[in-house]
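Colleague: Submitted below is the structure of interest, expressed as structure tokens.
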Amino acid sequence: MSRKPSEEEIDAFDRDFERSSGRFSIMVWLGAAIIIGAAVVAANFTKPTSAEPYRYYNYHGAPDIFTDLESGCQYLIFRNGGVTPRLGADGMPICVRRQDGAK
């Protein structure tokens with residue numbers, strides 16, 4: 001026959017269980033935070049390669065700046081889907097020269 005555990009044994013088991021489940025919960029949350037943090041870092045710090053036909057800048061809270069590497073001209077991309085050439089103070093489109101000496 002099995003004996004019934006005492007109240008002290010039951011309390012000790014409950015304390016150990018609560019302690020171990022608390023540790024497990026912390027490890028799960030910490031793992032999720034690390035995964036989410038790595039995804040955010042990877043999404044925000046990717047650099048375009050020279051093989052891409054454009055360069056895309058994302059400044060939070062402002063329209064995104066898109067640079068066409070063929071022409072060097074920049075465009076503003078708005079969150080609602082609008083696109084317009086980026087204009088300088090003189091009203092002319094902003095087109096930058098390529099660094100590698102191409103047109």
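The values are calculated or read from the model by the stated rules, or taken from the named source; none is laboratory data. Just so we're clear, the structure is a prediction, and the values are computed from it rather than from any experiment. In this analysis, Cβ positions are derived from the backbone assuming ideal geometry, glycine residues included, and neighbour counts consider all displayed protein chains.
Yes/no per residue for (1) of a type in the set (Asp, Glu); (2) at pLDDT below 80; (3) more than 15 Å from ILE94 (Cβ to Cβ):
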| residue | (1), (2), (3) |
| --- | --- |
| GLY31 | no, no, yes |
| ILE34 | no, no, yes |
| PRO48 | no, yes, yes |
| THR67 | no, no, no |
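Colleague: Additional query: In this structure, does ASN44 turn out to be within 30 Å of TYR75 (Cβ to Cβ), modelled with pLDDT under 75, surrounded by 10 or more Cβ atoms within 10 Å (Cβ to Cβ) and not hydrophobic (A, V, I, L, M, F, W, C)?
Modeller: Taking the combined requirement at face value, the residue does not satisfy it.
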